[in-house]
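Shown next, in structure tokens, is the structure this report addresses.
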Amino acid sequence: MRKTSVLLFLVFLFIVSCENHVMPDCSQDSVNRQAFAYLKEWYLWYEYLPAVNPASYDSLDKMIAAVKYREGDVLVDRFSYAVKKEEHDNYYAGKRYGMGMSMQRDEENAVYISLVYPESPAGVAGLRRGQRLIAMNGVTVEELDENGAYNREHRNDEDFEEKTDWNNVYNAENKGEAVVFKVLDEGNELETTLYLDDYIGKSVLAYKVLDHDGVKTGYLHFKSFITSSEDELNEVFAHFKKENVERLVLDLRYNGGGLVKIARQLVNLIAGDKVKGDEIIKLIYNNKHQEQNTSYKGEVLKNSLSGINKVAVIVSSGTASASEMVINSLTPYVEVSLIGETTYGKPVGMNSKDICDQTIVPITFKYANSQDYGDFFLGMEADCAASDDFKHDFGDEHEEELAVSLYRLSNGKCPSNAEVKSFEKRKTIEELIPIQLKGMGKIDYTF
């Protein structure tokens with residue numbers, strides 16, 4: 001069996017090697033058939049694959065969408081996907097193109113920069129989270145909105161002339177394209193120009209040591225579990241260790257997951273002395289491949305912190321997969337508080353497989369922690385409610401989710417305005433998905 005790379009991300013692919021120098025059949029029919037054969041062997045829910053003709057689909061992603069596991073009206077497999085091999089490889093290598101930023105609107109429809117990758121075109125231009133956008137290329141936000149509404153309403157008119165809106169205010173396909181930003185930064189208007197280009201998307205977007213109530217508290221905004229994360233995390237935790245950090249705020253609000261080996265590293269860096277020797281991550285495959293079941297043991301790394309007993313994790317509905325794996329693996333060992341909102345709910349993972357220029361990324365295993373727990377398909381509920389305060393930069397103690405995190409760490413409770421309201425009791429996984437997988441051995445829960 002060829003060794004496949006273990007992934008934990010919301011979405012990903014499949015390649016067949018050339019043997020004896022014979023050119024592979026890379027027609028879409030052939031790619032679909034090879035992918036379906038892989039699913040029948042490795043898919044976690046292989047027993048429930050529908051009887052389909054793979055060649056009847058004109059794309060791999062359409063075939064994957066058609067065969068993903070359902071239980072009645074419930075789509076159990078919200079995760080498997082297919083993508084171009086180049087896109088998949090570029091993601092895990094951190095290769096990106098564009099501005100290197102994202103924006104969000106507030107309740108009054110104003111637009112704010114919510115995220116900027118360090119060393120991206122936006123970062124080089126001096127843009128940062130918390131700045132309010134006034135105009136792009138001389139066109140105000142209000143004009144962009146109004147023009148967009150006009151274009152949608154009149155596009156089919158005989159004498160229609162398109163106005164400048166969000167879709168055409170710059171040419172995203174033109175590498176080197178200049179985009180002029182006018183922003184409001186702490187009451188001052190600033191104008192800067194960025195140039196669309198390739199860049200490397202960092203995993204660590206921000207980190208610092210805060211002196212909160214006399215306790216040194218590390219703050220880390222971690223965006224993705226990719227190949228380059230290993231060195232980035234080592235640098236961060238070397239700094240935390242030097243500063244004798246006693247508590248930690250781990251910001252995973254935008255982190256949809258990635259590589260299992262990075263999740264393991266992060267757990268070891270946070271709690272190496274507490275998890276040493278224990279089976280902190282357990283991967284369980286379908287009953288055809290129990291020999292692939294794997295347990296990863298905790299260990300003390302060079303930059304592991306010692307004495308960390310409290311960790312506040314900032315989470316959102318976009319916190320998934322490897323991010324949830326870290327939370328689940330830490331919970332038996334340290335006091336973990338979740339700040340924000342319920343996480344996505346993905347206690348399963350993928351082994352990607354490349355086929356020609358395409359990659360299939362199906363669910364191939366489930367995972368659990370040292371206590372054999374991993375049943376959170378409905379997500380992990382927050383202990384303290386808080387909103388993503390994109391009007392403040394990451395690491396700013398006035399940012400709502402960080403402020404609530406620090407309060408929780410100091411007081412052991414939520415601020416009075418951050419209590420999670422009681423919800424109507426949600427159905428359990430057993431009620432939603434009454435299917436029990438065979439051959440799961442010691443870890444045998446229903447999902």
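Taking the conditions exactly as written (of a type outside the set (Gly, Ala, Ser), farther than 30 Å from residue 205 by Cα and out of contact with any Asp or Glu (no Cβ under 7 Å at 6 or more places or on another chain)), does residue 105 satisfy them or not?
Criteria not met by residue 105.
One line per residue, one yes/no per condition, for (1) modelled with pLDDT of 95 or more; (2) in a helix (DSSP H, G or I); (3) farther than 25 Å from residue 172 by Cα:
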residue	(1), (2), (3)
55	no, yes, yes
77	no, no, yes
88	no, yes, no
92	no, yes, no
97	no, no, no
102	no, no, no
109	no, no, no
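For the stretch 40-63, give me each residue that is more than 16 Å from residue 83 (Cβ to Cβ), touching a residue at least 24 places away in the same chain (Cβ under 8 Å) and within 28 Å of the chain's Cα centre (by Cα).
Listed by number, the residues that qualify are 41, 42, 43, 44, 45, 46, 48.
Checking residue 33 against (1) part of a loop (DSSP other than H, G, I, E, B); (2) surrounded by fewer than 21 Cβ atoms within 10 Å (Cβ to Cβ), which single condition isn't satisfied?
The one condition residue 33 does not meet is (1).
Residues that are without any contact (Cβ under 8 Å) to a residue 60 or more places away in the chain, crowded, with 16+ Cβ neighbours inside 10 Å and not acidic (Asp, Glu): which strands (runs of 3 or more DSSP E) entirely in the stretch 160-228 hold 1 or more of them?
178-185, 204-212, 215-222
For a quick check of your reading of the model, give me the residue pairs whose first member lies in the stretch 382-411 and is buried (at least 18 other Cβ atoms within 10 Å of the Cβ), whose second is assigned to a helix (DSSP H, G or I) and not acidic (Asp, Glu), with beta-carbon atoms closer than 6 Å and at least 6 apart or on different chains.
Going by the 6 Å Cβ cut-off, the qualifying pairs are 384/404; 384/408; 384/418; 385/418; 386/404; 386/418; 404/418.
Kindly check whether there is at least one residue in the stretch 393-408 that is within 26 Å of residue 78 (Cα to Cα), assigned by TED's automatic domain parsing to the domain that holds residue 319 and not polar (S, T, N, Q).
Looking through the stretch 393-408, none of the residues is within 26 Å of residue 78 (Cα to Cα), assigned by TED's automatic domain parsing to the domain that holds residue 319 and not polar (S, T, N, Q).
Test residue 329 against the criterion of being touching a helix residue (DSSP H, G or I) at 6+ places or on another chain (Cβ under 8 Å), small (Gly, Ala, Ser) and part of a strand (DSSP E or B), and give yes or no.
Here the answer is no, as residue 329 does not meet what is asked.
Out of contact with any Phe, Trp or Tyr (no Cβ under 8 Å at 6 or more places or on another chain), among the hydrophobic types (A, V, I, L, M, F, W, C) and in contact (Cβ under 8 Å) with a residue 12 or more places away in the chain: is that true of residue 314 in this structure?
yes
Here's the yes/no breakdown for (1) aliphatic (A, V, I, L, M); (2) modelled with pLDDT under 95; (3) within 30 Å of the chain's Cα centre (by Cα):
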{"position": "153", "(1), (2), (3)": "no, no, no"}
{"position": "158", "(1), (2), (3)": "no, yes, no"}
{"position": "164", "(1), (2), (3)": "no, no, no"}
{"position": "168", "(1), (2), (3)": "no, yes, yes"}
{"position": "171", "(1), (2), (3)": "no, yes, yes"}
{"position": "178", "(1), (2), (3)": "yes, no, yes"}
{"position": "181", "(1), (2), (3)": "no, no, yes"}
{"position": "187", "(1), (2), (3)": "no, yes, no"}
{"position": "191", "(1), (2), (3)": "no, no, no"}
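When the stretch 83-128 is examined, which residues are found to be among the aromatic types (Phe, Trp, Tyr) and in contact with a strand residue (DSSP E or B) (Cβ under 6 Å, 6 or more places away or on another chain)?
Hits for the stretch 83-128 are 97, 112.
Residues that are part of a helix (DSSP H, G or I) and modelled with pLDDT of 95 or more: does the stretch 424-438 have at least one?
no
Among the residues of the stretch 116-131, what is the count of those that are outside any loop (DSSP other than H, G, I, E, B), hydrophobic (A, V, I, L, M, F, W, C) and crowded, with 22+ Cβ neighbours inside 10 Å?
Final tally of qualifying residues: 2.
Right, residue 281: part of a strand (DSSP E or B), modelled with pLDDT of 95 or more and of a type in the set (A, V, I, L, M) or not?
Here the answer is yes, as residue 281 does meet what is asked.
Take the residues in the stretch 73-114 that are among the acidic types (Asp, Glu) and closer than 26 Å to residue 128 by Cβ; name whichever of them is nearest to the chain's Cα centre (by Cα).
If we take residues in the stretch 73-114 being among the acidic types (Asp, Glu) and closer than 26 Å to residue 128 by Cβ, then 106 is nearest to the chain's Cα centre (by Cα).
The values are calculated or read from the model by the stated rules, or taken from the named source; none is laboratory data. Small disclaimer: the values here were computed from a predicted structure and weren't measured. Quick reminder, even Gly has a Cβ in these numbers, built from the backbone with ideal geometry, and neighbours come from all protein chains shown.
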